Amino acid sequence: MREIDTDYLVVGGGASAMAFTDALLHASDARVVLVDRRHRPGGHWLDAYPFVRLHQPSAVYGVSSLPLGQNRIDESGPNAGFYERADASEICDYYSRVLDEQFLPSGRVRFLGLHDYRGDDGDGHHVMSLLTGQQTTIRARKLVDATYIESEIPSRHAPSYSVAAGVHLVAPNQLVNLDAPPGGFTVIGAGKTAMDTCNWLLDAGVDPDRIQWIRPRDPWLFDRGSFQPLRLVGSYMQMQAHWVKAAAQAEDGMDFARRLEASGVFLRIDPEVEPEVYRGPIISARELDALRTVKRVVRLGRVRGIDSRRIELEHGDVATQPDALHVDCTAAGVRMAAARPIFAGDRITIQYVTITGAPWSAATLGHLEATRDDDADKNRLAPPVAWSGNASDLLQFCYAAMSGLSARTSEPDLATWSEICRLNPASGALQRAGEPEIAAAFTSLMTNFGPAMRNLAARVGKAAASSP
Ligand SMILES: Cc1cc2nc3c(=O)[nH]c(=O)nc-3n(C[C@H](O)[C@H](O)[C@H](O)COP(=O)(O)OP(=O)(O)OC[C@H]3O[C@@H](n4cnc5c(N)ncnc54)[C@H](O)[C@@H]3O)c2cc1C
């Protein structure tokens, strides 16, 4: 039995764990042991489908201390005019460099890859090597759970519907390994993975009529043009201004979404169908135009079972054929996890604390852990922003995010850190406050922030009081 003493045991080696650890290391002299079942850091990106890319710019992804990508603006393709977005191999390489060139040389970090966290008892935390079975006891001042919002991805996901023998059902990962063209493609799911899959098939020359898309509920999408940092940060500040103005006026979550659609921040795939889902995917207008060419959309609820001739859904059946390829895109991606206190004695549970990205949230928590002593204070500064996935819950989501933002902005040291942290999409906006687009956004934010917080408090309080 091996024994290790450390300050923090971080369980998980994904984007959340890495951003938290990076921020903690930079603001303290803490020692950290990172444990992951996977062999390298990077989390779900290590098993992602080959055509995945970040849906937000690389410029605001990763860890704060090391840039990801070159901050280049793409000149062609569906992302033209927007900051570059890394693919999975670039992201995995990046996290390896963060570990090998930054964390390990600091002498303060140990990485135990292919190790499973098994829990704790009075003696310490227990992890086991998945290669040798060797047990290690880790005694740490604090446990950081960076698995609570762990991603659910197609290649590690078992569909919840039955699949008869002989039916061709694959994860998107397998689309690049076909032996022969299938008789058609049925894409199952309404989220970002399904959209990526349809767009990749279309880009690769598949006729839209050969794609059947099972989309139980349509999602609200973020316009990528509203989510640009650095030289284009004015677009992000305008998005924030629209967001806060909508929060000041909205009567409920759906009303909030419609207001953001009216201001160009939210998009829908089908102009005739009002979305009910909100999971925060970001898309460009060109990608959206391509998706709209897929006309064979099935809206009969979720799939219950597939056999060689028929797909059974909640509200009816559709035909399929023995040589059709079914692509399962039903893994949740971002996991819907109920909010729980983030800082609780010797345990930190990493969750979203902003509306924009796991790394920015986790870095904020790492910085708070290093610079604040009191758990109640840290929890006040970083209330969890939980996703239900339902657009009807957008006001609760919005209230939590804005409460945290307001609390952190009121503390000068945190405001200064946020302004320079590269993971913050709004970073640098203050220096550009003289630009008309940014000045107008700041004016709007100052006008609407107070009314928004009052409206949200009243509406969210009302919703909570009327729920069982
Ligand atoms: C396809 C896809 C695209 C996305 N694109 C973006 C994007 O552009 N921008 C954005 O901000 N977000 C995006 N996301 C959201 C995504 O969830 C985050 O960006 C981020 O990568 C999640 O990192 P994580 O560390 O929270 O989870 P994960 O990457 O899932 O890492 C959790 C880790 O915990 C480990 N683990 C779990 N249990 C144990 C245990 N008992 N012992 C040891 N290890 C354990 C797992 O092996 C895993 O490696 C995307 C998600 C998906 C699925």
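The values are calculated or read from the model by the stated rules, or taken from the named source; none is laboratory data. Since the structure is predicted, the reported quantities are computational estimates derived from the model, not experimental observations. Virtual Cβ from ideal backbone geometry, glycine too; neighbours counted across all protein chains shown. Ligands, DNA and RNA are stripped out before the accessible areas are found, and what is left, the full protein with its side chains, is counted by its heavy atoms. Shrake-Rupley method; radii C 1.70, N 1.55, O 1.52, S 1.80 Å.
Nearest 20 debye, what's the magnitude of the dipole of the chain about its Cα centre given +1 on Lys and Arg Cβ and -1 on Asp and Glu Cβ?
Dipole of the chain, to the nearest 20 debye: 420 debye.
Which cross-chain or sequence-distant (5 or more) residues have an amide H under 5 Å from the amide H of VAL10, H modelled 1.01 Å from N in plane?
VAL33, LEU34, VAL35, VAL144
Taking a probe of 1.4 angstrom, what is the accessible area of TRP200 in Å², to the nearest 10?
80
Sorted by mean Cβ packing within 10 Å, highest first, what order do the peptides 202-210, 29-37 take?
So the order, starting with the most tightly packed, is 29-37, 202-210.
Can you tell me the dipole magnitude for the range 48-206 around its Cα centre, using point charges on the Cβ only (Lys, Arg +1; Asp, Glu -1), in Debye to the nearest 20?
Charge dipole, the range 48-206, about its Cα centre: 380 debye, nearest 20.
Please state the relative contact order of the chain as a whole percent: Cα pairs under 8 Å, 6+ residues apart? Mind showing how you got there, number by number?
Numbers: 946 pairs, mean separation 96.9, N = 468.
Reported as a whole number, the value is 21 percent.
At 1.306 mPa s and 10 °C, plugging the Kirkwood radius over alpha-carbon pairs of the range 62-155 into Stokes-Einstein gives what diffusion coefficient in µm²/s?
95
Please calculate how many Å² of accessible area the range 1-152 carries per residue, with a 1.4 Å probe and no DNA, RNA or ligand atoms counted. Walk me through the numbers before you get to the answer.
Details: 6180 Å² over 152 residues.
The answer is 41 Å² per residue.
Excluding residues on the same chain fewer than 8 positions from LYS245, give the aspartates and glutamates whose Cα lies under 17 Å from its Cα.
Correct list for LYS245: ASP255, GLU261, GLU437.
Once phi is turned into θ = phi - 60°, what whole-Hz ³J(HN,Hα) does the Karplus curve with 6.51, -1.76 and 1.60 give for every residue of the range 306-316, x standing for Gly and Pro?
3J(HN,Hα) across the range 306-316, in whole Hz: 10, 10, 5, 10, 8, 10, 8, 10, 4, 10, x.
Tally up the carbon and sulfur contribution to the accessible surface of the chain as a whole percent, 1.4 Å probe, everything protein left in place.
50
Length gain on complete extension for the stretch ARG299 to ASP121, per 0.36 nm per residue less the alpha carbon to alpha carbon distance?
Net length gain for the segment: 59.2 nm.
Counting only heavy atoms of the protein chains, get the accessible area per residue of the range 202-311 (1.4 Å probe) and round it to a whole Å² value.
Per-residue value: 42 Å².
Using per-residue counts of other Cβ atoms within 10 Å, averaged over each peptide, order 369-376, 224-231 from highest down.
So the order, starting with the most tightly packed, is 224-231, 369-376.
Starting from the Cα gyration tensor of the range 208-289, take the square roots of the eigenvalues, sort them a ≥ b ≥ c, and report rounded, prolate or oblate (rounded when a/c is under 1.5, otherwise prolate if a/b is larger than b/c, else oblate). If you can, show how the numbers build up before the last one.
Details: a/c = 2.82, a/b = 1.34, b/c = 2.10.
Since a/c reaches 1.5 but b/c is at least a/b, the shape of the range 208-289 is classed as oblate.
How large is the helix-only mean residue ellipticity at 222 nm for the chain, computed as the sum of -39500 (n - 2.57) over DSSP H runs with n ≥ 4, divided by its residue count, in deg cm²/dmol to the nearest 500?
Roughly -10000 deg cm²/dmol at 222 nm, from the helical runs in the chain.
Sort the following peptides by mean Cβ neighbour count (other Cβ atoms within 10 Å, averaged over residues), highest first: 84-93, 174-183. Please report the intermediate quantities before stating the final value.
On the way: 84-93: 18.4, 174-183: 12.0.
Result, highest mean Cβ count within 10 Å first: 84-93, 174-183.
Out of LEU456, PRO383, THR349, whose Cα points farthest toward the positive end of the dipole of the range 344-468 (charges: +1 Lys, Arg; -1 Asp, Glu; placed on Cβ)?
LEU456
Amide H of LEU300 versus every other amide H placed in the peptide plane: which residues, excluding those fewer than 5 positions away on the same chain, fall under 5 Å?
Placed amide hydrogens put ARG215 under 5 Å from LEU300.
So what is the accessible area of the range 339-412 per residue, in Å², with the probe set to 1.4 Å?
33
Specify which residue in the list THR371, SER89, LEU114 is farthest towards the positive end of the charge dipole of the chain, using unit charges on the beta carbon of Lys, Arg (+1) and Asp, Glu (-1), about the Cα centre.
Final value for the positive-end residue is THR371.
Please work out how much accessible surface LYS245 shows to a 1.4 Å probe, ignoring ligands, DNA and RNA, in Å² rounded to 10.
That residue has around 90 Å² of solvent-accessible surface.
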